[in-house]
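**Student:** Take this structure first; my questions come after.
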Amino acid sequence: MPQDLYEILELTSHATPDEIKRAYRKLARQYHPDINPDDPEAAERFKEIASAYEILSDPNRKARYDQFGETGSSSGMTGPFGDFTDLFSSFFGGTHRTTSTRPNVERGEDLEAELALDFEQAIFGTEAEVTVRTAVACEPCEATGAAEGFKPVSCTRCDGIGQIREMRRSILGQMLTQTICPSCNGSGLEISNPCEICKGEGREIKNVTIPIEIQPGVAEGNTLRLSDRGAIGRRGGYYGDLYIHLRVAEHPVLERQGDDLVHRFHIPMTQAALGVDLEYETLDSREIISVQPGTQSGHIFRLKGKGVPHLNGRGRGDFVIEVVVDTPTDLTSEQENILRDYADKRNEEVNFKKKRTLRRR
Ligand SMILES: [Zn+2]
Ligand SMILES: [Zn+2]
């Protein structure tokens, strides 16, 4: 998983725009390729710093990153989980990165969960929770994996390095191979008396319920990243991340198009022809819709700013009312006669009345 953008700039996630700018200037000066010629590590670091600043200095992209851990540029919404990782690796030239900077410390697994939201919860935000089966620190051994009274000692097979180096001869000559130590699984620690609860893993599998605050404006298919809410690594390792895929229920009449809400609004032809003022309720406001005489199907009333709140926290989409003029299908014979008279007065040709009952004599 990619490193946190704030970490790259040596900031916390509460940094102000000013602090972000200052941190970028300081670090960019420090790692600039001109100052560090022939230093590939500094060049790589400079690239990361520049990329992190590019996202965090743009309010929209920063907001998306803060909520979703997403670093995408243009399209707005988060794609599926896979896209996001691809995006990131392309960003950093495909280099594999992990947050594990301490040697021999394992990072726990990333977890995924689904969260179902109502149509309106996605629009206005809500507090929710998900229950995930995850690994947590084993309490009796305080995540060390060792039984009470025993402490982990340096692994004898790898001398606590966690890796085994071997010189091998091959047809290409001598080769140094490096593998993770199978005795300690790379931790560098050996446990003579493992904890009985976790069998020396230092962690336990449990169901954990995690509260989640859903920001207004999320949509079906969005994925949230909760940093460090995944599984803990073995023996006091780092936490993985938790990815939450959002599922949003459909509304019986409203359709969501980005941050606009669209209602195909049916009115009888008399109202369309003669005009009417109608009380209309959006999801959170009351409006008066003034249908003008002679309104056609497809006419649009656009209520500015009454749609879905934008995820960046500023403004809302529109509420779009698209008029559909209904032709009556349930005329009584009296109403039908009135319409026939009307057609007659306008010289509009219509079919003769169909006999509803056959009379036999
Ligand atoms: Zn070892
Ligand atoms: Zn334990």
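**Student:** Explain nothing, just the number: relative contact order of the chain, from Cα pairs under 8 Å at least 6 residues apart, as a whole percent.
**Tutor:** Working: 660 pairs, mean separation 55.1, N = 361.
Result for the chain is 15 percent.
**Student:** Further question on the same structure: Compute the acute angle (0 to 90°) between the alpha-carbon long axis of helix 333-345 and the principal axis of greatest extent of the alpha-carbon atoms of the chain; round to the nearest 10°.
**Tutor:** It works out to around 80 degrees.
**Student:** How much FRET efficiency would the formula 1/(1 + (r/R0)^6) give for GLN257 and ASN347, where r is the Cβ-Cβ distance and R0 is 41 Å, rounded to 0.05?
**Tutor:** 0.45
**Student:** Keeping every protein chain present and rolling a 1.4 Å probe, give me the accessible area per residue for the chain in Å².
**Tutor:** Here the per-residue accessible area is 63 Å².
**Student:** Ok, one more. Please give the peptides 289-302, 331-344 ranked by average Cβ packing (other Cβ atoms within 10 Å per residue), highest first, as a rough proxy for protection.
**Tutor:** Ranking, from highest mean packing down: 289-302, 331-344.
**Student:** If R0 is 41 Å, what FRET efficiency do you get for ASN193 and ILE171 from their C-beta distance, rounded to 0.05? Provide the component values of the computation, followed by the final result.
**Tutor:** Numbers: r = 46 Å, r/R0 = 1.12.
For R0 = 41 Å, the calculated efficiency reads 0.35.
**Student:** Calculate, in nm to one decimal, what LYS304 and VAL153 gain on full extension: separation in residues at 0.36 nm each, minus their alpha carbon distance.
**Tutor:** Fully extending the segment from LYS304 to VAL153 adds 47.7 nm.
**Student:** Here is a further query. Specify the angular offset, from 0 to 90 degrees and rounded to the nearest 10, of the alpha carbon long axis of helix 40-56 from the longest principal axis of the alpha carbons in the chain.
**Tutor:** Around 30 degrees separate the two axes.
**Student:** Using +1 at the Cβ of each Lys and Arg and -1 at the Cβ of each Asp and Glu in the chain, identify which of LEU331, ILE205, SER51 lies farthest towards the dipole's positive end.
**Tutor:** LEU331
**Student:** Return the long-range amide H neighbours of SER154 (sequence gap of 5 or more, or a different chain), with a cut-off of under 5 Å between placed amide H atoms.
**Tutor:** GLU190
**Student:** Rounded to the nearest 5, what is the percent of antiparallel bridges among the DSSP beta bridges in the chain?
**Tutor:** Details: 43 of 59 bridges.
Counting DSSP beta bridges with both partners in the chain, the antiparallel share is about 75 percent.
**Student:** Angle check, please: helix 81-91 long axis (alpha carbons) against the longest principal axis of the chain (alpha carbons), in degrees 0 to 90, nearest 10.
**Tutor:** Between helix and principal axis, roughly 60 degrees.
**Student:** ASP330 versus ALA50, label points 7 Å from Cα toward the beta carbon: distance in nm?
**Tutor:** Label at ASP330, label at ALA50, 6.9 nm between them.
**Student:** Based on Cβ point charges of +1 for Lys and Arg and -1 for Asp and Glu, what charge dipole magnitude is obtained for the chain about its Cα centre, in debye rounded to the nearest 20?
**Tutor:** So the magnitude is around 920 debye.
**Student:** Let a ≥ b ≥ c be the square roots of the eigenvalues of the Cα gyration tensor of segment 211-361; is it rounded (a/c under 1.5), or, if not, prolate (a/b larger than b/c) or oblate? Each step should come with its number before you reach the end.
**Tutor:** Numbers: a/c = 5.38, a/b = 2.69, b/c = 2.00.
Prolate.
**Student:** Another question about this same structure. With n ≥ 4 as the cut-off for DSSP H runs, can you work out [θ] at 222 nm for the chain, using -39500 (n - 2.57) per run divided by the number of residues, rounded to the nearest 500?
**Tutor:** Details: 8 runs with 82 residues, N = 361.
It lands at -6500 deg cm²/dmol.
**Student:** Select from VAL248, SER227, GLN163 the residue farthest towards the positive end of the dipole of segment 163-276; place +1 on Cβ of Lys and Arg, -1 on Cβ of Asp and Glu, and compute about the Cα centre.
**Tutor:** Most positive-ward Cα: GLN163.
**Student:** A further question follows. Rounded, prolate or oblate: which one fits the chain, using the alpha carbon gyration tensor with axes a ≥ b ≥ c (rounded when a/c is under 1.5, else prolate when a/b beats b/c, else oblate)? Please list the in-between numbers first.
**Tutor:** Values: a/c = 3.38, a/b = 2.43, b/c = 1.39.
Prolate is the answer for the chain, as a/c is 1.5 or above and a/b outweighs b/c.
**Student:** Next up: Is the C-alpha gyration tensor of segment 112-245 telling us rounded, prolate or oblate? Criteria: a/c under 1.5 is rounded; beyond that, a/b larger than b/c is prolate, otherwise oblate.
**Tutor:** oblate
**Student:** Still on this structure: How many percent of the accessible area of the chain is carbon or sulfur, using a 1.4 Å probe?
**Tutor:** Carbon and sulfur atoms account for 49 percent of the accessible area of the chain.
The values are calculated or read from the model by the stated rules, or taken from the named source; none is laboratory data. Computed from a predicted model, the values in this text were never measured in an experiment. As a convention, Cβ positions derive from the backbone with ideal geometry for all residues, glycine included, and neighbour counts pool all protein chains shown. Just so you know, the surface numbers come from the protein's heavy atoms only, side chains and all, with ligands and any DNA or RNA stripped out. Shrake-Rupley method; radii C 1.70, N 1.55, O 1.52, S 1.80 Å.
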